[in-house]
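Below you'll find the structure, written out as structure tokens, and then a few comments.
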Number of protein chains: 2
Amino acid sequence: MTPAAGRALEAAGKLFYERGIHAVGVDLIAAEAGVTKKTLYDRFGSKEQLVVEYLADRDERWRAFLTRWLEELEARDAEPDAAARILAVFDASRAWTAEHSTKGCSMVNAHAEISDPSHPAHPIITGQKRWMLDLFTRLAGEVDQGRAEELGRSLMLLHEGALVAHGLQIFDDPVAEAGRRARELLHVHGR
Amino acid sequence: MTPAAGRALEAAGKLFYERGIHAVGVDLIAAEAGVTKKTLYDRFGSKEQLVVEYLADRDERWRAFLTRWLEELEARDAEPDAAARILAVFDASRAWTAEHSTKGCSMVNAHAEISDPSHPAHPIITGQKRWMLDLFTRLAGEVDQGRAEELGRSLMLLHEGALVAHGLQIFDDPVAEAGRRARELLHVHGR
DNA sequence: CACCCACTATACCGATCTGTATAGTCTACG
DNA sequence: CGTAGACTATACAGATCGGTATAGTGGGTG
């Protein structure tokens, strides 16, 4: 990734997320990044590809962030129980949204603007959600093997709801609220 | 509302919801509705106003649908308890999404495309969410007065999460799943 | 019959959209 | 020193954007 390409992707990400994908033109992205359209098209080929790389980048960053967060938990607490790891997911999400996200989930927002299921960005969006559901389900299985899927879905609903509520700013700190609710859920089901 | 205006609003609603607001031009709306752009601008004045009326219409329909659903519960069961009324909200949402909505919540999706908080559509979006939160909180208060707000928020998170999950089609019938989870929540808190 | 109003049809405005072309500058490397 | 590649600057093509103007049609009402 050349320096200009990096600046372009960064500017595109910021603008796409804050204003929406269709509302942002490539001229604005180029201007904001201090890059010419020529360079932009030499590196990315099309706006659609730029959108794809924006979402792929955001997806990768979130997964890395969450993975690292969970690894750090493992480093602090030698043998954290499953409930602690589930709650750590909500903690990570809270830290992430506080820093990177004031308009909700970029995947959900992008999905609102992409109608065609054959759009190359589509598998990235659904892929991240499936990954999160799998993660929740796997962790839930360590709490109550028999109800792993059910519990995983519940955690997924709370988490997605919290991201939406955070974006719409309906009430304060919904991700923390979702975390507390997850804790209750685990107390009921676990042990 | 003249006949042509009605057709235009209907076509605009369908297109805005399915393809996104910025992705749909007024020429397409006019063509789809069998209406000229002249008529469209005579009736609505601007695309922005058309967007506002689309959201206001959708908001009003949903509130009327839910209100009627709860009234019918009251008619069947003379004195339904609060838990039954809360679960009826999820039932209504399930019926609504099955019929009107395959891409998630139109308010959330519109919010993804509207960055400016001073946009006239903004209060409609936040208004509906606030209305839902108030409704959940009020009903929750009849279950456990002391934890009305906390319980109301939890129900809100589950409900919003279910709408997102429905739109992304992550797993089957997430609204029903959210309803079952709400039932559990009420059993823990209630009585 | 005359009038009004919602409507259609069509052509156009300026602005902006994605995408491309040409020409030239800077820097790192062999 | 010379070359290659990443870059800037600028201009433009073709399409579409939101929005407007003009002219004419059809049905209902006084």
- Does B:Asp57 count as among the acidic types (Asp, Glu) and open to solvent by less than 80 Å² (accessible area, probe 1.4 Å)? yes
Picking from A:Arg43, A:Arg85, A:Arg138, A:Arg76, the residue that is within 16 Å of DNA strand C (Cβ to nearest atom) and among the basic types (Lys, Arg) would be A:Arg43
task: Output yes when any residue across the stretch A:160-182 is facing chain B (nearest Cβ under 7 Å), among the basic types (Lys, Arg) and open to solvent by less than 20 Å² (accessible area, probe 1.4 Å), and no when none is.
output: yes
Reported set for the stretch A:98-117 where residues are buried (at least 20 other Cβ atoms within 10 Å of the Cβ) and in a helix (DSSP H, G or I) is A:Ser106, A:Met107, A:Val108, A:Asn109, A:Ala110, A:His111, A:Ala112, A:Glu113
Quiz item: Any residue at all in the stretch B:54-64 that is within 16 Å of DNA strand D (Cβ to nearest atom) and of a type in the set (Asp, Glu)?
Solution: no
**Item:** Test for A:Ile114: is it of a type outside the set (Gly, Ala, Ser) and in contact with a Leu (Cβ under 7 Å, 6 or more places away or on another chain)
**Value:** no
How many residues of the stretch A:1-40 are touching a Ser or Thr at 6+ places or on another chain (Cβ under 7 Å) and more than 14 Å from DNA strand C (Cβ to nearest atom)? The answer is 2
Selection status of A:Leu133, assigned to a helix (DSSP H, G or I), in contact with a Ser or Thr (Cβ under 9 Å, 6 or more places away or on another chain) and outside the structural domain of A:Phe16 (by TED's automatic domain parsing): no
A:Phe136: passes all of (1) touching a Gly at 6+ places or on another chain (Cβ under 6 Å); (2) at pLDDT 95 or above; (3) open to solvent by 10 Å² or more (accessible area, probe 1.4 Å) but (3)
In the stretch B:2-48, anything on the phi > 0 side of the Ramachandran plot and either more than 9 Å from DNA strand D (Cβ to nearest atom) or open to solvent by 80 Å² or more (accessible area, probe 1.4 Å) (or both) is listed as B:Gly20, B:Gly34
Scanning the stretch A:102-136 for residues that are more than 9 Å from chain B (Cβ to nearest Cβ) and closer than 24 Å to A:Arg85 by Cβ gives A:Gly127, A:Gln128, A:Trp131, A:Asp134, A:Leu135, A:Phe136
Q. For B:Val89, are the conditions met, namely being within 16 Å of DNA strand D (Cβ to nearest atom), open to solvent by less than 80 Å² (accessible area, probe 1.4 Å) and not basic (Lys, Arg)?
A. no
Restricting the stretch B:46-61 to residues that are more than 14 Å from the chain's Cα centre (by Cα) and within 14 Å of chain A (Cβ to nearest Cβ), the one farthest from DNA strand C (Cβ to nearest atom) turns out to be B:Val51
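The values are calculated or read from the model by the stated rules, or taken from the named source; none is laboratory data. No experiment lies behind these values; they were computed from the predicted model shown. All Cβ positions, glycine included, derive from the backbone under ideal geometry; neighbour counts span all protein chains shown. Each accessible area value is taken on the protein alone, full model and side chains, heavy atoms only, with ligands, DNA and RNA left out. Shrake-Rupley method; radii C 1.70, N 1.55, O 1.52, S 1.80 Å.
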